[in-house]
Every structure is written in structure tokens, then in C-alpha cells.
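Data first, discussion second: the structure below is written as C-alpha cells.
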Amino acid sequence: MKKHLSIAIAAATFTLATTSAVANSAGSGYVGALASHYTYDVEGVDDINPTGLTLRGGYFLTDNVAVEGRLGTGLSEDTVSGTNVDAELDQLMGVYVTGYLPVNEVFSFYGLLGFSYAEATLSNRFASISDDDDGFSYGAGVQVNFTPQVSGQLEYVSYLDKSDYSLSAASIGLSYHF
């Protein structure tokens, strides 16, 4: 019986500690930047991996749920294997609902669901072709709070997942909470 009581007390203490770690989140906001390594996967072609920068901003509706917007652009292009064609991400925009699962005051897991729009350009020395698309997005990540105002993120997001191609990114970033 004492063992069950000890487990119940430990679980209640963990729950209270976890709740207090995010108690001030509702009604607060954040801004940040992510350095991203994009993967553009087209059937029958080697992956294309440009890099980019994504700015993010959000507002906590509740202690664990935020609405987030993102704007991104490519920083470098990648050459399509076996060709003289370069691929670059021109822009990325999206709106997401992000849910956080705090483990303790420092560490949280998060998942996001939403909608993204992306535009990319393929070019060589003779011509250039741009195309855009939009669709459902999802992802997951971890957040580490360095201070009450500064956090770091490591995440994977599938921005577009179509029948003939996909656009995803592995990113690392910093955010400021206010």
C-alpha cells in the first residue's frame, strides 16, 4: 500500500511541476528563426537538398496549444544530380496549430499540424522555371528552454506530401518568448 501511495504522490508532484512549467504560457507569444535543411524528394530523381531560413511567430491560446505562422526562403541551392539544373526554394509560408507536451521546466516535445504554401525554381544557364504548391503539413520536434525567454528547437516537418513529390525539412532554431 505504501508503494502505491508513493507512486501516486510522485505522479501528482510531477504533474504539478509540469503544469507550473507552462502555467505562464497562455496569452504569451514568441518569435524565432530556424536554419533548415530541406529535402525535395521527387520519384526517380536523387533527393535535392537546398538550405533555408524560416522565421516563426506564435501565440499561446492555452498553456500547451499555440497558433504559429512561418515565413521562409532559400539560402542556398542544390544541383539536381547528373544535370546542370539548380533547385532553390524561393519562399515558404504556413499557418499551424502547435501542441506542446512539457516533460519538465526545461524540456518539451511538440507536434504541429497546418497548411503550407511553397514556391521553388529550377534553373540552368539557359532558362528557369518556377512552380508553387500548397497542402497539409505536419511535424514534430523538441524544445529546450535555456532561460524563461530563450529556447532552442530541433524539429522535422513535412511541409508538402504529394503523390509525386514531397518537401520536408530538418531544422534547428532559437526563439524568444514574451
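The values are calculated or read from the model by the stated rules, or taken from the named source; none is laboratory data. The shown structure was predicted, so the numbers you read here are calculated from the model rather than taken from an experiment. Glycine also receives a Cβ, built like all others from the backbone with ideal geometry; neighbour counts cover every protein chain displayed. Quick note on the areas: whole protein, heavy atoms, side chains included, nothing else; ligands and nucleic acids left out. Shrake-Rupley method; radii C 1.70, N 1.55, O 1.52, S 1.80 Å.
Considered as a group, the residues in region 47-68 that are open to solvent by 30 Å² or more (accessible area, probe 1.4 Å) and in a strand (DSSP E or B) include one that is farthest from Glu119 (Cα to Cα), and that residue is Val65. Out of Ser166, Ser128, which single residue is farther than 20 Å from Ala66 by Cα and open to solvent by 60 Å² or more (accessible area, probe 1.4 Å)? Of Ser166, Ser128, the one residue that is farther than 20 Å from Ala66 by Cα and open to solvent by 60 Å² or more (accessible area, probe 1.4 Å) is Ser128. When region 92-125 is filtered for residues that are open to solvent by less than 50 Å² (accessible area, probe 1.4 Å), over 18 Å from Leu34 (Cα atoms) and either among the β-branched types (Val, Ile, Thr) or not in a strand (DSSP E or B) (or both), the ones remaining, listed by number, are Val103, Thr121. Inside region 139-163, residues that are surrounded by fewer than 16 Cβ atoms within 10 Å (Cβ to Cβ) and over 18 Å from Val42 (Cα atoms) make up a count of 11.
Please verify whether Asp86 is over 21 Å from Gly173 (Cβ atoms), open to solvent by 50 Å² or more (accessible area, probe 1.4 Å) and over 14 Å from the mean Cα position of the chain (by Cα), treating the condition exactly as stated. Full working, then the answer.
Details: over 21 Å from Gly173 (Cβ atoms): yes; open to solvent by 50 Å² or more (accessible area, probe 1.4 Å): no; over 14 Å from the mean Cα position of the chain (by Cα): yes.
When the stated conditions are applied, Asp86 does not pass them.
Mind checking whether some residue in region 117-126 is closer than 23 Å to Gly74 by Cβ, among the aromatic types (Phe, Trp, Tyr) and under 16 Å from the mean Cα position of the chain (by Cα)?
Yes: one or more hits.
Looking at the structure I just gave you, is Ser137 within 20 Å of Leu113 (Cα to Cα) and touching a Phe, Trp or Tyr at 6+ places or on another chain (Cβ under 6 Å)?
Details: within 20 Å of Leu113 (Cα to Cα): yes; touching a Phe, Trp or Tyr at 6+ places or on another chain (Cβ under 6 Å): yes.
In short, yes.
Within region 91-112, no residue that is in contact (Cβ under 8 Å) with a residue 24 or more places away in the chain and under 30 Å from Glu77 (Cβ atoms) sits with its Cβ atom under 6 Å from a residue that is open to solvent by 50 Å² or more (accessible area, probe 1.4 Å) and in a loop (DSSP other than H, G, I, E, B) at 6+ positions apart or across chains.
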